[in-house]
Structure formats: structure tokens, C-alpha cells
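Asker: Quick one: structure below, then a few questions.
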């Protein structure tokens, strides 16, 4: 076998091997995509809104605790509402993530909790954490009502 033939055969083998590997990888990706489609999330927007509420609620709680440390209890009702919000939205996000059949009934309750928290947040329009939490509460309550 001459050098040119050896190079040609080697190149052809490399191309064939790469093509086969690409076909297998594409087949695996197609298979993975099909498996994803089998169980799509039913409540993705609600899950995301709930997660955002947990985050902003925790920010609000941190601010309230800071106020408590300074012996200022003017935000006690806000802290209580934010605590309940975080607990409820955590539960809702978890159930929404797994397409639970209990999302609907829980969403009704969470909407009420979000509304209560927003009312407390609205009392403190100059506190950034409360403003952000109030916006998240409104968004989450709206998503809850869609379910």
C-alpha cells in the first residue's frame, strides 16, 4: 500500500467513525427530547412566580429582622405576613414543579396569603424590600388565580 492510499483509507475511516458517532449523539438527543415531552411542566409560570415570592419574601424578612434588632417593631405584621408567604410559596413551588393534583386548591390559599402580604408591603412604600416583595406577591397571586 502506498502512502497516498494509506492516507485516503485512514481519512475515510475517520470520517466514517465521526459520522457514526454524530448519528449516535443525535439519536440520543432526539431520545432525550422525546422523553422531556412526555411529562411537560403544567405550572411553570406559577412555579417561577412562587420561587420569586420566596426570594423577595426572605429579603423582606431580613429587613424586618434588622428592624427588630434595632428595637423597632413597626414591621411586626409585615414580618408575620412575609413568613407565611415564604412558607406557603415554598410548598406551592414544590407541588407545581411535580404537576401535583393539589396545586389548584393550594393556589387559592396562596393567592389569599399573597394578597395579605402585599397589603402589609404597601404600608412601607419607601422600603425597597417591601416594594419588591409586594410586586412579587401581586404577580404570584395573579398566577394562582389562573390555575
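Each reported figure results from applying straightforward, stated rules to the coordinates on display, with no laboratory input. Computed from a predicted model, the values in this text were never measured in an experiment. Virtual Cβ from ideal backbone geometry, glycine too; neighbours counted across all protein chains shown.
Asker: Tell me the residue from 114, 130 that is under 20 Å from the mean Cα position of the chain (by Cα) and under 25 Å from residue 74 (Cα atoms), please.
Answerer: Selected residue: 114, the only one of 114, 130 that is under 20 Å from the mean Cα position of the chain (by Cα) and under 25 Å from residue 74 (Cα atoms).
Asker: Which of the residues that make up segment 100-111 are touching a residue at least 12 places away in the same chain (Cβ under 8 Å) and either surrounded by 14 or more Cβ atoms within 10 Å (Cβ to Cβ) or closer than 10 Å to residue 81 by Cβ (or both)?
Answerer: Within segment 100-111, 103, 106, 107, 110, 111 meet the criteria.
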